[in-house]
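The values are calculated or read from the model by the stated rules, or taken from the named source; none is laboratory data. What you see is a predicted model, and the numbers here were worked out from it, not measured in a lab. Note: ideal-geometry Cβ built from the backbone for every residue, glycine included; neighbour counts use all protein chains shown.
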Amino acid sequence: MRTIALEEHFTHPDMSVYSANTATIAEPQVWEDAMRHLLDLTELRLPAMDAAGVDMQVLSLNAPGIQAEKDTAVAIKRAQAMNDMLAETIAKNPTRFSGFAALPTQDPKEAAKELERAVTELGLRGGVVNAHTHGRYLDDPSFRVLWERLVDLDVPLYLHPANGVDAPHVLSGHPELVGPMWSWGNDTASHVLRCVFGGVFDDFPDAKLMVGHMGEGLPFTLWRLDSRWSWHFHHGIKLKRDKPSDYIRQNLYITTSGVCDNAPLQCALSAMGADHVLFSTDYPFEDLPTATAFLRDAPICEVTREKIAHGNAERLLRL
């Protein structure tokens, strides 16, 4: 069975300065090993893929990526450089790699311009944004130009977590809860809901947004979202569709990255449908053989397994 993994990370020495805050989340020796694999694109990665049975990785720049850069001009240049490097790597290994473009969202117009260049000239398959851009989220009106370009090009945007603008007080005194174990998922799910209630998908009903980690908890909450939307004061917000879940089920695509557990997989498939769930491993932060064994042994029908493993990725990314 062909396997295409959608959330597979890399970095570059020029980008390592941005990872300083992320590095403090992991045990030092764990982060050192992760960085060794992030900086490698072929020598360690390809044998690991072969051993685990991963046919293709769709590569994306590791969090916090371009979004951490404060200088807009520097962000634009580094996004271009990272995308050029990624395209060169793919050209040398076209059956093993594809990629999502890093976007300089400090300037939404430049982000849209770079997305178009990356897709039409470099052959990349969409864009990746790591959480917020200095406190600005993708529902901000300034990002409509980027959403418009995504729809025009018919490519997805992968929304990956990163550190939030600040830490909620409820997490104070518990730094272990800040990061991928807990807070990143909450932040990313909230970011998706900002796009729903901020009218992004009303303005762009064909937009495709992707998140990892089995949907950051969103598939589990759809009934509750709909129930409370019918009860809550709407603060002047009007949705064109009947329920919040209508947007999640239509515009959101989720990957299995970092979650190798049948219970959330069954929930995701029930809530989202098999056409909206795709395979990922979260390399190098999770174990590749564990991810492929999970996919191989999951108690699902073979048609669904094929969709998750490669069919949905081939369709969405035109691979």
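Tell me the residue from Lys208, Lys240 that is farther than 24 Å from Asn312 by Cβ, modelled with pLDDT of 95 or more and in contact with a Pro (Cβ under 9 Å, 6 or more places away or on another chain), please. So that I can check it myself, show each step before the final result.
On the way: Lys208 fails: farther than 24 Å from Asn312 by Cβ.
Residue meeting the stated conditions: Lys240.
Restricting attention to segment 165-190, the residues that are more than 20 Å from Asp282 (Cα to Cα) and touching a residue at least 12 places away in the same chain (Cβ under 8 Å) total 4. Scanning segment 213-224 for residues that are part of a helix (DSSP H, G or I) and within 22 Å of the chain's Cα centre (by Cα) yields His213, Met214, Gly215, Leu218, Pro219, Phe220, Thr221, Leu222.
The residue that is surrounded by the fewest Cβ atoms within 10 Å (Cβ to Cβ), among those in segment 169-211 that are under 25 Å from Gly258 (Cβ atoms) and small (Gly, Ala, Ser), is Ser190. When segment 253-293 is limited to residues that are of a type outside the set (Val, Ile, Thr) and within 13 Å of the chain's Cα centre (by Cα), the one that is nearest to Phe10 (Cα to Cα) turns out to be Tyr283.
Being of a type outside the set (A, V, I, L, M), outside any loop (DSSP other than H, G, I, E, B) and in contact with a strand residue (DSSP E or B) (Cβ under 9 Å, 6 or more places away or on another chain) is the filter; apply it to segment 229-284 and report the residue that is surrounded by the fewest Cβ atoms within 10 Å (Cβ to Cβ). Please lay out each step first, then the result.
So the first thing to find is which residues in segment 229-284 are of a type outside the set (A, V, I, L, M), and the list is 229-236, 238, 240-247, 249-251, 253, 255-258, 260-262, 264, 266-267, 270, 273, 275-276, 279-284.
Now narrow it down to the ones that are outside any loop (DSSP other than H, G, I, E, B): 229, 244-247, 249-251, 253, 255, 262, 264, 266-267, 270, 275-276.
Applying the additional criterion that residues be in contact with a strand residue (DSSP E or B) (Cβ under 9 Å, 6 or more places away or on another chain) yields 251, 253, 255, 275-276.
Values: Asn251: 22, Tyr253: 20, Thr255: 28, Asp275: 15, His276: 25.
If we take residues in segment 229-284 being of a type outside the set (A, V, I, L, M), outside any loop (DSSP other than H, G, I, E, B) and in contact with a strand residue (DSSP E or B) (Cβ under 9 Å, 6 or more places away or on another chain), then Asp275 is surrounded by the fewest Cβ atoms within 10 Å (Cβ to Cβ).
The set of residues from segment 140-161 being assigned to a loop (DSSP other than H, G, I, E, B) and within 15 Å of Met210 (Cα to Cα) comprises Asp154, Val155, Pro156, Pro161.
Would you call Glu88 acidic (Asp, Glu) and in contact with a Pro (Cβ under 8 Å, 6 or more places away or on another chain)? Don't jump to the end; show me each part of the working.
Values: acidic (Asp, Glu): yes; in contact with a Pro (Cβ under 8 Å, 6 or more places away or on another chain): no.
In short, no.
Counted as qualifying within segment 1-59 are the helices (runs of 4 or more DSSP H) with 2 or more residues that are within 19 Å of the chain's Cα centre (by Cα), namely 28-39.
Checked across segment 162-183, the condition of being of a type outside the set (Gly, Ala, Ser), under 25 Å from Ile308 (Cβ atoms) and modelled with pLDDT of 95 or more holds for no residue.
Every residue in segment 39-77 that is in contact with a helix residue (DSSP H, G or I) (Cβ under 9 Å, 6 or more places away or on another chain) and over 27 Å from Arg318 (Cβ atoms), please. Walk me through it before giving the result.
Residues of segment 39-77 that are in contact with a helix residue (DSSP H, G or I) (Cβ under 9 Å, 6 or more places away or on another chain), as a first pass: 39, 41-42, 44-45, 48-49, 51-69, 72, 75-76.
Once the filter is applied, which keeps residues that are in contact with a helix residue (DSSP H, G or I) (Cβ under 9 Å, 6 or more places away or on another chain) and over 27 Å from Arg318 (Cβ atoms), segment 39-77 yields Leu39, Leu44, Ala51, Pro64, Ala68, Glu69, Thr72, Ala75.
Residues that are within 11 Å of Leu115 (Cβ to Cβ) and over 19 Å from the mean Cα position of the chain (by Cα) within segment 149-170 comprise just one, Asp152. For His310, are the conditions met, namely being closer than 24 Å to Ala48 by Cα and touching a Gly at 6+ places or on another chain (Cβ under 7 Å)? Taking the combined requirement at face value, the residue does not satisfy it.
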